[in-house]
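Structure record follows, encoded as C-alpha cells.
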Amino acid sequence: MCPPAARSARAAFFSPIFRLQPAPRTDKSLVVAPPSAFLPSDFDARRPVVLIAGQGLYPVLVAAAIRRAGVPLRLVAFEEETRPDLVATFAKAEVRILKVGQLGHMLDALRDFGAGYALMAGQITPRRLFKGLHPDFKAVRILASLKRRNAETIFGAIAREIEAIGVVLLDARSFLDDQLATAGCLTGRKFPIEAEYLAHGVQIARECARLDIGQGCVVRKGTVLAVEAFEGTDEMLRRAGGFKTDEALFVKTVKARQDWRFDVPCFGARTLETMREAHLACAALEAGKVLILDKPAVLQQAKAWGIGIFGFE
C-alpha cells in the first residue's frame, strides 16, 4: 500500500476540480466527436439535449462533455438539488428551475426547448422522493397509478412520460465513456484482495442488486459486513467501518436488467473520502458500468491514500 499523501496534496485534491465556463452563445451544431458508444445509432447532433440535473459533479461533467461535442444543450434544474454554479453557465432562456415533483412543468420545458433528447444525471435526495415532494397534477396522477413506490418505479414512470411527448431519454452514460471503470487494477499495482474473496464480494453485490436491495456491499474474507439499502453507499461504508476492516472490500455493481436511462452507479471523491474515514482500503467496481466521476483525479488520490481500486467483469 502507498503511504498517505501529504496534507498539501489532500488540500489540492479537494479544491475546485475545474472552473466552470459559460456556455458559448450559439445554436450552431457540430458532428459529435468523438461519438459516445451509448448514443442511439440515429442520434442527431443538431437537436438539443436537455440535461435534467440533480446533485453533485455528475451533471457538471455531462454538461461539459456535451458542450465539447458541439451539441445544443439546455438545462432543467431543481431547487435545493442542482449546483448553482452549473445553473450559472446557462443563459436565462436555456434553463428552467423547478421544484422536485413538478413533472408537468418539466414536460412543458422539454417542449419549449424543442428537445430531441433528455439525459438524467445526478441524484435527487432519496427522502424527497417520498417526503418533501411538490407534485403537480401530472405527478399526482402518475404516483397514484404506481402499485410500488420506489426510485425505480418513480423514475420509470417519468421516463415513460418523457418519451410519450417524442423526446428520447438517453442512456445516462452517454458522453462519459472515458469516466467508466475499466477492467483490471486501476491504481497501478497488484490488487491485494485474493481472487476467492473478490468473487464472493461480487456474488453478494449482484444478488443484492437482483433483489433490488441495493448495488453495493462490503465483505471481508468471505463474511458480509454490510449491504447497501435505502440509506445509500456512504452510510453503508460508515457502518462497515465499525467492524474489523483489514482486507475488507467494497463492491459496486449493477442490476442484471439495469435501466441505464436514470440509474447509473457512481464512485467519486466523496465515496473515496468515506472509504478512507471508515478505514476501507479496497474497492471493486464493475467495468464498463460504474462511473468514476472525475476519474483521473479520483484514481490519483486513491493511489496517494493507499486505496486499491479494481475493475471486474
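Here is how the numbers come out for the structure above:
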{"quantity": "Structure-based [θ]222 nm, the chain - -39500 (n - 2.57) summed over DSSP H runs of at least 4, per residue, nearest 500", "calculated": "-9500 deg cm²/dmol"}
{"quantity": "Contour minus Cα-Cα distance for C185 and E163 (0.36 nm per residue)", "calculated": "4.0 nm"}
{"quantity": "Placed amide H near I97: partners under 5 Å, 5+ positions off or other chain", "calculated": "A77"}
{"quantity": "Nearby lysines by direct alpha-carbon distance to K92 (threshold 27 angstrom, same-chain neighbours under 8 apart not counted)", "calculated": "K28, K138"}
{"quantity": "Dimensionless Rg/Rh of the chain - Kirkwood Rh, Rg from C-alpha atoms", "calculated": "0.97"}
{"quantity": "The chain: angle of helix 195-210 to the longest principal axis, Cα-based, in degrees nearest 10", "calculated": "30 degrees"}
{"quantity": "Where labels lie 7 Å past Cα in the beta-carbon direction, separation of L146 and R257 in nm", "calculated": "1.7 nm"}
{"quantity": "For R261, distant residues with modelled amide H under 5 Å away", "calculated": "A172"}
{"quantity": "Stretch gain in nm, segment Q123-D246, where the contour uses 0.36 nm per residue and the Cα spacing is subtracted", "calculated": "41.2 nm"}
{"quantity": "Dipole magnitude of the chain about its Cα centre (Cβ charges: Lys, Arg +1; Asp, Glu -1), debye to nearest 20", "calculated": "340 debye"}
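Each value in this text was obtained by applying a stated rule to the coordinates, not by laboratory testing. Model, not experiment: these values are computed from the prediction. Note that we place each Cβ from the backbone using ideal geometry, even for glycine, and neighbour counts take in every protein chain shown.
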